[in-house]
Amino acid sequence: MNRNISLQLTIAILWSSGQFMPATRSFAQEPEWIDIDSRREMFVDSYLIDRLDGVRLVLHPPRDEGPVLKFDEPWEGPFCGYCTIINDKDKYRFYYRGLPEAGRNGSDKEVTCYAESSDGIHIFKPKLNLFTIKGSKSNNVILADTAPVNHNFSPFLDTRPGVPEDRRFKALGGTEKSGLIAYASADGIHWNKLRDEPVFTKGKFDSQNVAFWSDNEQCYLCYFRTWTGTGYSGFRSVGRTTSTDFLNWTEPEQMSFGDTPLEHIYTNQTNPYFRAPHIYISIAARFLPGRQILSEEQAKQLNVNPNYFKDCSDAVLMTSRSGNIYDRTFMEGFIRPGIGLQNWVSRSNYPALNVVQTGPAEMSLYVQHDYAQPTAHLRRYSLRLDAFASIYAPYEGGSFATKPFTFTGSKLLLNFATSAPGFIKVEIQDADSKPITGYSIKDAKELIGNYIEHPSAWENGTDVSLLSGRPIRLKFAMKDANLYSLQFRP
């Protein structure tokens, strides 16, 4: 058989089997390469991936670690929501809306509550004595009498270089009627308006509207609630705007979800991942209006508010690398509702904003449970560091190759896990996919074990500094293994 025909048949078979990803590029037409410098790159999308052969991208659902914060104070209650967690040096700060009974968005019944932890696991509610609530100042309320800001007050730790100490924390809150009001704080507890007028008005805002400083884009970003139709019609969705001073914002743009079906995205929870801040992680609440699981009788037995059991929701993983595009590599649920009908009511299973490190090899995210029920609370979920997703090789083995890229550094560190008979081997190739002398698959050492950061090695050692700045590709041979991330370091 003609060699070219044979090659075309082989490619067609691999493509139809899904072993070639749709993102594979023709480098004859697109000779440019990616510069990853010394950034950590996670395998949450196809950004670095050229070809997959016998391996695949897989999603890693977090592990439920149980309840960590009950919404059981008189000023908190069943309708607490829109939670944020900030890891501020040796302190974890928890913020959330307190609301004991349902009502219109932005009512004066809403307050902003605060809790603290030294480890992100054991949480307490300090008595702050700032506001009189139900006849007493002995409470954990940090904002009251500031409707409608308390409806969805969403703070962040401002990492912009040179930010003044009295504005170390910033926040946005408000509804369509008020627009988004900007606040600042030195300590994350005592807050002041940056100005009386709203800083941004071009959105619906009937959700948690999140902001942060992006080192990658050198500006503030805000991801806010929009709808795809006129008014409040179509699908709940996400818009984006930018600012250099947090007060003046650009014309908004609608976020795109690529070639995927539209779904209701209730909260977007977009934030830079703390170990790779150029990658924005969005652990979003996916809402399915009218998808009723509970019967009327079951809802009464659970004591669910009668207006909040005829829908259900879960959490999905989206990512973005700047701009107005979300990558939805994974359409399946990232966090499924748990066992028990109490998990299948409206507006339950909503993730809190931010993922934080809670151990040497562990990160945590937090999810609201039992919404509109007397048992409403926040639960902690855990994951291995970087392990939102990975490239997985089965026992039979396989390989994958990266797109061409340049790097800065002298060692290639991998976050990976293998079984006892499993392994990973790394070949470094030039931009034309030819093995570089000394770094071929024959020279590569087998990597076996379970590590967050482990250097790749060849017969001549681990040093790759002579290749720094040169366009290369990596080819991984894998068996019964997961690869979560890679990073070049000095």
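No lab work stands behind these numbers, since they all come straight from the coordinates. Small disclaimer: the values here were computed from a predicted structure and weren't measured. With ideal geometry, Cβ positions are generated from the backbone for all residues, glycine too; neighbour counts draw on all protein chains shown.
Can you list the lysines whose alpha carbon is less than 20 Å from that of Lys475, not counting same-chain residues fewer than 8 positions off?
Filter leaves Lys403, Lys411, Lys425, Lys434, Lys442, Lys445.
Between segment 288-342 and segment 214-248, what's the alpha-carbon centroid distance in Å?
Centre-to-centre (Cα) distance: 23 Å.
So if we plug the beta-carbon distance of Asp64 and Asn248 into 1/(1 + (r/R0)^6) with R0 = 51 Å, what FRET efficiency do we get, rounded to 0.05?
Given R0 = 51 Å and the Cβ-Cβ separation, E is 0.75.
Which of the GluC sites (Glu not before Pro) found in segment 343-451 are in a DSSP loop and have at most 14 neighbouring Cβ atoms, other than their own, within 10 Å?
Hits after loop and neighbour filter: Glu396, Glu446.
Quick check on the chain: helices-only [θ] at 222 nm, where DSSP H runs of length 4 and up contribute -39,500 (n - 2.57) each and the sum goes over total residues. Nearest 500, please.
The per-residue figure over the chain is -1500 deg cm²/dmol.
Please report the spacing between the Cα centers of segment 119-158 and segment 367-436 in Å, no decimals.
38
Can you give the % of DSSP beta bridges in the chain that are antiparallel, to the nearest 5?
Approximately 95 percent, going by the DSSP bridge assignments.
Would you work out if segment 76-234 is rounded, prolate or oblate? Take a ≥ b ≥ c from the square roots of the eigenvalues of the alpha-carbon gyration tensor; rounded if a/c is under 1.5, else prolate when a/b is larger than b/c, oblate otherwise.
Verdict is oblate for segment 76-234.
Neighbour counts of other C-beta atoms within 10 Å: give me Arg225, Arg104, Arg56 arranged from fewest to most.
Arg104, Arg56, Arg225
What residues from segment 362-401 fall in the zone where the backbone N is under 20 Å from a label point 7 Å along the Cα-to-C-beta line of Glu297?
None, by backbone N distance to the label point.
May I ask for the net charge around Gly333, where only other residues with Cβ less than 12 Å from the Cβ of Gly333 are counted and Lys, Arg are +1 while Asp, Glu are -1?
-1
Just rank Lys70, Lys442, fewest to most, by other beta-carbon atoms within 10 angstrom.
Lys442, Lys70
On a 0 to 90° scale, report how tilted helix 3-16 is relative to the longest principal axis of the chain, with both axes built from alpha carbons and the result rounded to the nearest 10.
Helix 3-16 sits at roughly 20 degrees to that axis.
Can you sort Arg236, Arg168 by how many other beta carbons sit within 10 Å, fewest first?
Sorted ascending by nearby Cβ count, the order is Arg168, Arg236.
Taking θ = phi - 60°, what integer Hz values does the Karplus form 6.51 cos²θ - 1.76 cosθ + 1.60 yield along segment 54-63, in sequence order, with x for Gly and Pro?
x, 10, 8, 7, 10, 8, 10, x, x, 8
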